[in-house]
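Read the structure below first, then the notes.
The values are calculated or read from the model by the stated rules, or taken from the named source; none is laboratory data. All figures in this text were calculated on a predicted structure; none of them were measured in a lab. Methodologically, a virtual Cβ is constructed for each residue, glycine included, from the backbone with ideal geometry; neighbour enumeration extends over all protein chains shown. Protein only, heavy atoms only, side chains kept; ligands, DNA and RNA dropped before computing areas. Shrake-Rupley method; radii C 1.70, N 1.55, O 1.52, S 1.80 Å.
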There are 2 protein chains.
Amino acid sequence: MMNITTDGIRKQNLAITDATAVDHLLRTSRVGYLGLVDGDEPYVVPLNFVWHSDSIYVHGAQYGRKANLMSNSPKATFTVADEVGTIAHPVPAKTDTAYLSAMVFGKIAVVEDFDEATSALEAMLCKYVPGYYDTPLHSGHVRSYVSGAGSHVAVYRLRGEKITAKENPNQMSMMFYPGRTRKADLQHDQK
Amino acid sequence: MMNITTDGIRKQNLAITDATAVDHLLRTSRVGYLGLVDGDEPYVVPLNFVWHSDSIYVHGAQYGRKANLMSNSPKATFTVADEVGTIAHPVPAKTDTAYLSAMVFGKIAVVEDFDEATSALEAMLCKYVPGYYDTPLHSGHVRSYVSGAGSHVAVYRLRGEKITAKENPNQMSMMFYPGRTRKADLQHDQK
């Protein structure tokens with residue numbers, strides 16, 4: 001069960017709690033942005049991921065800045081956004097963006113369970129190379145991937161303790177496209 | 001002058017210092033992810049932005065969580081990525097992603113100077129609604145936008161003190177597309 005909350009969102013009119021919309025966004029977004037904390041400095045890294053069992057799964061090196069931060073400071077935020085387009089307006093200050101975005105808050109940790117790691121990697125292949133493999137992921141592949149002698153890669157899980165989501169819906173008649181002008185919009189309004 | 005460094009990047013073979021490539025990425029990316037710190041919790045918010053005078057400019061509310069965090073804890077990271085596509089491989093563990101990404105590190109603060117705010121907003125309109133307005137931004141618009149009686153909006157500047165960038169170039173012959181299969185790739189290799 002996704003814990004979608006509107007707590008802490010200033011513009012409550014943009015907050016959404018539609019689990020289906022959030023689920024769709026998390027399943028279709030190809031890149032998410034993992035935020036971590038390094039003392040008083042934030043660190044934001046773009047990652048492929050899969051939304052699986054109410055968690056964000058990513059994989060990556062067991063060494064390096066990101067891995068160190070995750071073990072020292074496990075509180076994480078994972079943000080995805082679908083920018084639909086720019087909403088034009090004859091008044092510049094009213095130019096706006098149509099989008100759907102979600103933030104997943106929780107703690108991130110290495111997945112130690114082999115079956116869980118396999119399942120997450122399978123879901124990831126299914127997302128990024130759908131139909132490429134004609135057989136399910138061979139467990140030997142996973143083993144060599146996450147625990148092979150030369151491997152320094154791990155699967156990480158961010159359990160979604162809290163999710164917030166925002167949507168500014170598109171306004172089809174006002175979406176910007178190349179060639180659209182304020183002049184033509186004003187003339188159109190006068191007719 | 002952009003201070004592009006490879007410091008702290010584990011995979012040095014992916015690090016790039018090509019200022020032209022980084023500049024192009026920062027100018028063409030429509031959404032960037034601003035990372036802030038809230039105690040021991042990271043906060044990552046997707047934003048439209050403009051890369052202008054070696055700085056990231058964004059605009060947004062003067063109130064709310066993001067605004068509070070920026071004034072309490074000005075160290076920020078702004079990350080953009082261009083995901084080119086997935087590189088398929090008959091060996092699942094060798095599936096990879098082609099991308100170009102950049103992280104801009106620095107302090108973020110409200111732009112107090114009116115001319116600087118105007119210039120940033122003009123650059124932003126030029127980026128998101130190119131050609132829409134037939135006249136330059138009227139200063140009255142900016143004034144009502146950033147300091148009008150009913151306005152609670154500010155322009156923020158993240159001065160790029162340090163930039164890191166990474167690239168995993170595409171491998172055209174192995175990029176995944178819907179319908180591509182491992183079986184066909186292996187048969188092709190055998191010929």
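Tell me, which residue of segment A:67-105 that is assigned to a strand (DSSP E or B) and β-branched (V, I, T) is farthest from A:M174 (Cα to Cα)?
Here the answer is A:T77.
Residues in segment B:66-96 that are facing chain A (nearest Cβ under 7 Å), at pLDDT 95 or above and buried (at least 19 other Cβ atoms within 10 Å of the Cβ): B:K75, B:A76, B:T77, B:T79, B:A81, B:T86, B:A88.
Scanning segment A:19-52 for residues that are open to solvent by 80 Å² or more (accessible area, probe 1.4 Å) and in contact (Cβ under 8 Å) with a residue 60 or more places away in the chain turns up A:R27, A:R30.
Residue count for segment B:165-186 under the criterion of being closer than 29 Å to B:Q12 by Cα, open to solvent by less than 60 Å² (accessible area, probe 1.4 Å) and not hydrophobic (A, V, I, L, M, F, W, C): the result is 1.
Pairs meeting the criteria (first residue in segment A:109-131 and on the phi > 0 side of the Ramachandran plot, second residue outside any helix (DSSP H, G or I), beta carbons under 9 Å, at least 6 apart or on different chains) are A:G131/B:P178; A:G131/B:G179; A:G131/B:R180; A:G131/B:T181.
Whether a residue is open to solvent by less than 20 Å² (accessible area, probe 1.4 Å) and of a type outside the set (S, T, Y) was assessed, and A:F105 passes this test.
Matching residues to (1) in contact with an Asp or Glu (Cβ under 9 Å, 6 or more places away or on another chain); (2) of a type outside the set (K, R):
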{"site": "A:K94", "(1), (2)": "no, no"}
{"site": "A:F105", "(1), (2)": "yes, yes"}
{"site": "A:A109", "(1), (2)": "no, yes"}
{"site": "A:E112", "(1), (2)": "no, yes"}
{"site": "A:A117", "(1), (2)": "no, yes"}
{"site": "A:L121", "(1), (2)": "no, yes"}
{"site": "A:K127", "(1), (2)": "no, no"}
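Of all positions in segment B:39-54, at least one carries a residue that is at the interface with another protein chain (Cβ under 7 Å from one of its Cβ atoms), farther than 14 Å from A:T77 by Cα and under 11 Å from the mean Cα position of the chain (by Cα). Determine whether B:D23 is over 27 Å from A:D7 (Cα atoms) and in contact with a Phe, Trp or Tyr (Cβ under 8 Å, 6 or more places away or on another chain). Yes. Taking the criterion of being β-branched (V, I, T) and under 14 Å from B:L14 (Cα atoms), the only residue of segment B:80-114 that qualifies is B:T97. Is it true that some residue in segment B:126-136 is open to solvent by 20 Å² or more (accessible area, probe 1.4 Å), aliphatic (A, V, I, L, M) and either under 24 Å from A:L47 (Cα atoms) or out of contact with any Gly (no Cβ under 8 Å at 6 or more places or on another chain) (or both)? No, segment B:126-136 contains no residue that is open to solvent by 20 Å² or more (accessible area, probe 1.4 Å), aliphatic (A, V, I, L, M) and either under 24 Å from A:L47 (Cα atoms) or out of contact with any Gly (no Cβ under 8 Å at 6 or more places or on another chain) (or both).
A:Y33 meets all of the listed conditions (1) more than 7 Å from chain B (Cβ to nearest Cβ); (2) closer than 22 Å to B:P74 by Cβ; (3) outside any helix (DSSP H, G or I) but one, namely (1).
Those helices (runs of 4 or more DSSP H) of segment A:106-191 in which at least 1 residues are within 9 Å of chain B (Cβ to nearest Cβ) and at pLDDT 90 or above, considering only elements entirely within it, cover A:114-128, A:182-190. If we keep just the residues of segment B:36-60 that are among the hydroxyl-bearing types (S, T, Y) and in a strand (DSSP E or B), which is farthest from A:G32 (Cα to Cα)? Checking each candidate, the answer is B:S55.
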